[in-house]
Amino acid sequence: AHEGRAATGVTFSRSGKYVLSTGLDSCVRLWDVGSGRLVQTYAGAHLDAPNAQAVFSHDETLVMAPDARANAVACWDAQSSALLTRVAEHSQPITWIAASPATPAFMTCSTDECVRFWGAQ
C-alpha cells in the first residue's frame, strides 16, 4: 500500500466509505472501503514519524497530515489532491493532529511541548 514502506496510520471518513492511510513513503492515500481501490494519493509532505496519521476536515473537503520536516500541517484538497497550504506555528515536529467533526477547527500536539488550536475565531 505504501511502496514497500511501513504504514503508520489509518483514519475512516465519517461516512465509513473511505479510509486514509499514511506511510513512511511520505504519502497519504485515500481508499474506497467497499472495493479496496486506491482513489487518490496526496504527496508533498514528509511523514517521517512512526505514528504519523492523516485526518479529514469536518466537511471532508480537506485532508490534513503533519509535515515533520516543516513542523507544519499539510492541507490538501480532498478531491484534486492539490497541496493547498502548510499551517505552521510549532518549533518542532507535530506528533498528533485531531480534527473537529462539527466545525472547521483542528488541534495539534508537538515535541515542542505545545498543544495548538486552529480554527475560525
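The values are calculated or read from the model by the stated rules, or taken from the named source; none is laboratory data. Since this is a predicted model, take the numbers as computed values, not measurements. When we count neighbours, we look across all protein chains shown, and the Cβ atoms used for this are built from the backbone with ideal geometry, even at glycine. For accessibility, only protein heavy atoms count, side chains too; no ligands or nucleic acids. Shrake-Rupley method; radii C 1.70, N 1.55, O 1.52, S 1.80 Å.
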Under-5 Å amide H pairs with Ala72, H placed in peptide plane, nonlocal only | Asp67, Ile94
In the chain, carbon and sulfur make up what percent of the accessible area (probe 1.4 Å)?
-> 55
Could you give the dipole magnitude of the chain about its Cα centre, charging the beta-carbon of Lys and Arg +1 and that of Asp and Glu -1, in debye to the nearest 20?
-> 220
Work out the charge dipole of the chain with +1 on the Cβ of Lys and Arg and -1 on the Cβ of Asp and Glu about the Cα centre, then indicate which of Met64, Thr95, Ala6 is farthest towards its positive end.
-> Ala6
For the stretch 38-94, which chymotrypsin sites (Phe, Trp or Tyr not before Pro) are both in a DSSP coil and crowded by at most 13 other Cβ atoms within 10 Å?
-> none
Can you give the extra length, in nm with one decimal, that the chain gains between Leu38 and Ser80 once fully stretched, where that is 0.36 nm per residue apart less the Cα-Cα distance?
-> 13.7 nm
Which residues' amide hydrogens lie under 5 Å from the amide hydrogen of Gln40, considering only partners 5 or more residues apart or on another chain, with H built in the peptide plane?
-> Leu30
Send over a whole-number figure in Å² for the accessible area per residue of the chain, probe 1.4 Å.
-> 52
